[in-house]
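Structure record follows, encoded as structure tokens.
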Amino acid sequence: MPNIGQGCGLAFEDGYVLAKRLGAVERRSDVPASLEGFYRERILRTAAVQGLGRMNSEVGGLQVEGPQVEGPQVEGPQVEGPQVDPRLTLG
């Protein structure tokens, strides 16, 4: 089973791919084929994430040694773009 964040991420991906596929449909009669293509395109990715999530759940009881910190930890290069309040992120 995917963790909550993984499932949310897949939902966003699904929405994007589905909108892209349906946006390319020119005739109503092409909708079923577009939906079938969506299924074929997404099934391997979603199955892989589900399988990895299940493995994470099974080993989730393991403890990682090291210092415990609270709050978001942000590292990496600074990039320009919209600023997001770290309190609003999942994780």
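Here, each number is a calculation from the coordinates, and none is a lab measurement. If you're wondering where the values come from, they're calculated on a predicted model, not measured in any experiment. Neighbour counts are summed over all protein chains in view; Cβ atoms, including those assigned to glycine, are modelled from backbone coordinates with ideal geometry.
For residue 29 and residue 56 in one chain, what is 0.36 nm times their gap in residues minus the Cα-Cα distance, to one decimal in nm? Write down the numbers at each step before the final one.
Details: separation 27, 0.36 × 27 = 9.72 nm, distance 4.18 nm.
Gain on stretching residue 29 to residue 56: 5.5 nm.
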So if I place +1 on the C-beta of Lys and Arg and -1 on the C-beta of Asp and Glu, and nothing else carries charge, what would the dipole magnitude of the stretch 1-57 be about its Cα centre? I want it in debye, nearest 20. 40 debye
I'd like to know how the stretch 1-57 sits against the 2.2 N^0.38 Å rule of thumb: what's its Cα Rg over that expected value? 1.31
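Counting other Cβ atoms within 10 Å, which trypsin sites (Lys or Arg not before Pro) in the stretch 9-59 have at most 15 and lie in a DSSP loop?
Qualifying residues, ordered by number: 27.
Any chance you could run the full-extension gain for residue 18 through residue 47? It's 0.36 nm times the residue separation minus the Cα-Cα distance, nm to one decimal.
Numbers: separation 29, 0.36 × 29 = 10.44 nm, distance 1.72 nm.
Extra length available between residue 18 and residue 47 comes to 8.7 nm.
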For the stretch 35-41, take each phi angle, set θ = phi - 60°, evaluate the Karplus expression 6.51 cos²θ - 1.76 cosθ + 1.60, and give the result in whole Hz per residue in order, putting x for glycine and proline. 5, 5, x, 4, 4, 4, 5
